[in-house]
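Note sheet for the following structure.
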Amino acid sequence: MIPKIKAPEVVQSIQWKDDHIRIIDQTYLPHREFFLDIFEVGRVWEAIRSLRIRGAPAIGIAAAYGVYLGVKDLPEDSLQPFHTDVEGICEYLATARPTAVNLSWALGKTVRLAREMENEPVAKVKEALLQLAMSIHEEDKRICADIGKIGQELIPEGAGILTHCNTGSLATGQFGTALSIIYHAHLGKKKIQVWVDETRPLLQGSRLTAWELEKTGVPHRLITDSMAAWVMKEKGVDLVVVGTDRVARNGDTANKIGTYGLAILANHHGIPFYVAAPVSSIDFQIASGKEIPIEERDAGEIRSVGNQQVAPAGTLVYNPAFDVTPHELITAFVTEKGIVRPDFSKNLEKIRPQQG
Ligand code: MRU
């Protein structure tokens with residue numbers, strides 16, 4: 001029998017090592033655990049764009065390190081060109097993926113720090129940018145652990161739990177968001193059964209979540225996305241818990257395509273629908289989900305499964321990577337600041353950070 005490992009050790013999605021980034025390249029999972037070393041900012045952009053590193057918090061962390069990789073070899077003799085370059089690098093990294101607000105959140109923190117230090121020596125600013133990336137990374141680990149500890153109280157003994165996409169250690173600094181809740185219930189010795197949606201088109205559920213749960217010994221069963229309604233009706237799903245890429249001020253929530261459908265199904269069956277959300281995923285700049293940009297991805301992701309073509313080569317395709325679940329369908333948000341219930345417009349405001 002393969003020994004199971006504890007959830008905190010399942011994997012480090014991203015590491016800072018000898019002045020470069022090391023990620024586990026998620027496009028190879030579950031077949032191969034391949035670690036990719038990244039030394040320059042263009043490769044960080046590519047890794048985010050092609051989902052080698054993915055999940056809202058993880059791409060924020062990667063981008064923050066990416067800025068440092070972009071600036072670390074810049075000349076240190078004059079201030080102004082350096083600061084123009086920092087801002088240019090942040091704008092460039094922000095174009096890698098549009099939906100997850102954690103990317104612009106991390107880059108916004110970076111720009112603000114550089115502006116605050118605009119009269120300091122360049123070498124000092126470089127060092128501060130690296131320290132900022134490391135602190136975003138470490139802070140995310142703590143936040144994810146807190147979300148797990150707070151959220152596991154919502155999980156009854158013997159619960160059936162349905163989840164979508166991957167929200168685990170792979171998607172964050174450690175533990176995850178929705179998956180952290182599941183890990184903490186399991187570590188607390190609650191008997192649970194997780195239903196894992198495969199999550200077409202890129203199969204983050206089957207390739208990544210099933211891989212994490214297998215490694216950690218959390219009881220789970222994989223289903224195709226189209227089975228969710230039937231599983232809710234027949235198999236005793238007690239709650240749905242998902243992550244998020246961006247929450248608007250009124251609670252409308254963008255997450256992996258298919259989440260909206262699950263929320264409708266949960267509502268129909270009278271099942272609570274929870275969203276695990278670090279405060280960094282709440283976009284206090286936007287009033288509702290109408291303002292969330294939805295990434296559209298390549299048609300090839302739908303016409304093929306892996307390398308296997310499953311549709312005629314010329315078939316027209318629509319491939320939104322995310323959808324927006326209206327706030328009325330959400331029972332509560334689990335954040336590191338506590339559980340937030342409706343009225344979301346009022347109650348999310350109470351956990352709004354002073355800045356950023
Ligand atoms: O396209 P992906 O794989 O980056 O999408 C990820 C998701 O939708 C996750 O649910 C979300 O980022 C939350 S991760 C803690």
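Among the chymotrypsin sites (Phe, Trp or Tyr not before Pro) in the stretch 134-231, none sits in a DSSP loop with a Cβ that has at most 10 other Cβ atoms within 10 Å. Neighbours of Glu9, meaning other residues whose beta-carbon lies under 12 angstrom from its beta-carbon, give a summed charge of +2 when Lys and Arg score +1 and Asp and Glu score -1.
Could you order the peptides 131-139, 21-29, 59-67 from most to least packed, using the average number of other C-beta atoms within 10 Å per residue? The partial results should precede the final answer.
Numbers: 131-139: 17.7, 21-29: 19.8, 59-67: 28.1.
So the order, starting with the most tightly packed, is 59-67, 21-29, 131-139.
Its Cα centre serving as origin, the stretch 7-145 has a Cβ charge dipole (Lys and Arg +1, Asp and Glu -1) of approximately 560 debye. By a 1.4 Å probe calculation restricted to protein chains, Phe273 has an accessible surface near 0 Å², given to the nearest 10. Equivalent-ellipsoid semi-axes for the stretch 205-356 (Cα gyration tensor, √(5λ), whole Å, largest first): 28, 21, 15.
Scan the stretch 4-75 for GluC sites (Glu not before Pro) in coil per DSSP, keeping those whose Cβ has at most 10 other Cβ atoms within 10 Å, and list them by number.
Working: sites: Glu9, Glu33, Glu40, Glu46; in loops: Glu33, Glu40.
Filter output for the stretch 4-75: empty list.
Using the Cα coordinates of the stretch 1-50, the gyration tensor eigenvalues translate into equivalent-ellipsoid semi-axes of 24, 13, 8 Å, sorted from longest to shortest. Using only helices, what value at 222 nm comes out for the chain when you add -39,500 (n - 2.57) per DSSP H run of length 4 or more and divide by the total residues, to the nearest 500 deg cm²/dmol? Dividing the helical sum by the residues of the chain leaves -11500 deg cm²/dmol.
Given charges of +1 on the Cβ of Lys and Arg and -1 on the Cβ of Asp and Glu, with all other atoms neutral, how large is the dipole of the chain about its Cα centre, in debye to the nearest 20? Show your work: numbers first, answer last.
Numbers: 39 positive and 44 negative charges, 230 e Å.
Result for the chain is approximately 1100 debye, rounded to the nearest 20.
Spatially, the stretch 170-209 and the stretch 20-64 are offset by 19 Å when compared through their Cα centroids. When the Cα positions of Gly173, Trp211, Gln80 are compared along the charge dipole of the chain, Trp211 comes out farthest toward the positive end, with charges on each C-beta of Lys, Arg, Asp and Glu.
The C-alpha atoms of the chain define a longest principal axis, and helix 122-151 lies at about 10 degrees to it.
Across the stretch 124-180, Cα-Cα pairs more than 18 Å apart make up 46 percent of the total.
Simple spin-label estimate for Arg221 and Asn119 gives 6.7 nm between the two label positions (7 Å along the Cα-to-Cβ direction from each Cα). Against the main long axis of the alpha-carbon atoms of the chain, helix 56-71 sits at an angle near 20°. The radius of gyration of the Cα set in the chain, together with its Dmax, comes out at 20.0, 68 angstrom. As I understand it, the dipole of the chain uses +1 on the Cβ of Lys and Arg and -1 on the Cβ of Asp and Glu, about the Cα centre. Which of Phe273, Thr315, Thr253 lies farthest toward its positive end? The one lying farthest along the dipole's positive direction is Phe273.
Accessible surface computed residue by residue for the chain, with neighbouring protein chains in place and a 1.4 Å probe, gives 43 Å² per residue.
How tilted is helix 79-94 with respect to the longest principal axis of the chain? Cα atoms for both, answer in degrees (0 to 90, nearest 10). So the helix axis and the longest Cα principal axis differ by about 20 degrees.
Express the Stokes-Einstein translational diffusion coefficient of the stretch 67-166 in µm² s⁻¹, to the nearest whole number, given a Kirkwood radius over alpha-carbon pairs, 25 °C and a viscosity of 0.890 mPa s. Let's see the in-between values first.
On the way: Rh = 15.9 Å.
Diffusion coefficient, whole number: 154 µm²/s.
Modelled label positions at Lys346 and Asp73, each set 7 Å beyond Cα in the direction of Cβ, lie 5.6 nm from each other. Net charge of the neighbourhood of Leu36, taken over other residues with C-beta under 15 Å away and scored Lys/Arg +1, Asp/Glu -1, is +1.
Rounded to the nearest 20 Debye, what is the dipole magnitude of the stretch 148-351 about its Cα centre when Lys and Arg each give +1 and Asp and Glu each give -1 at the C-beta?
460
Extent along the principal axes, Cα only, for the stretch 295-356: 51, 26, 17 Å, with the longest axis given first.
What FRET efficiency do you get for Glu234 and Ser135 if R0 is 35 Å and r is their Cβ-Cβ distance, rounded to the nearest 0.05?
Details: r = 47 Å, r/R0 = 1.33.
Here the calculated transfer efficiency is 0.15.
With a 10 Å radius around each residue's Cβ, average the other Cβ atoms per peptide and rank 319-327, 153-161, 302-310, 111-119, highest first.
Values: 319-327: 19.8, 153-161: 16.4, 302-310: 11.8, 111-119: 14.3.
In decreasing order of mean packing, 319-327, 153-161, 302-310, 111-119 become 319-327, 153-161, 111-119, 302-310.
Considering only the Cα atoms of the stretch 7-145, their convex hull presents on average a projected area of 8.2 nm². Straight-distance candidates among the lysines for linking to Lys233, with alpha-carbon spacing under 21 Å and chain neighbours fewer than 8 residues away dropped: Lys191.
Could you give the C-alpha radius of gyration of the stretch 203-248 expressed as a fraction of 2.2 N^0.38 Å, taking N as the number of residues it contains?
1.32
If a spin label sat at a point 7 angstrom from the Cα of Asn319 along the line to its beta carbon, the backbone N atoms of the stretch 40-61 nearer than 20 Å would be those of 45-56. The separation of the stretch 74-115 from the stretch 214-253, counted between C-alpha centres, amounts to 35 Å. Take every Cα pair under 8 Å whose residues are at least 6 apart in sequence, average their separation, divide by the length of the stretch 148-351, and the relative contact order is 21 percent.
For Lys17, which lysines qualify as cross-link partners when the Cα separation must be under 27 Å and same-chain residues fewer than eight apart are set aside? Counting by Cα, and skipping residues close in sequence, Lys17 has these lysines nearby: Lys4, Lys6, Lys72, Lys109, Lys124, Lys126, Lys141, Lys215. Between Glu91 and Glu153, the modelled label-to-label distance comes to 4.6 nm, taking each label 7 Å out from Cα in the direction of the beta carbon.
The values are calculated or read from the model by the stated rules, or taken from the named source; none is laboratory data. Just so it is clear, the model here is predicted, and its values are computed rather than measured. In this analysis, Cβ positions are derived from the backbone assuming ideal geometry, glycine residues included, and neighbour counts consider all displayed protein chains. In case anyone asks, the SASA skips ligands and DNA or RNA and just uses the protein heavy atoms, side chains included. Shrake-Rupley method; radii C 1.70, N 1.55, O 1.52, S 1.80 Å.
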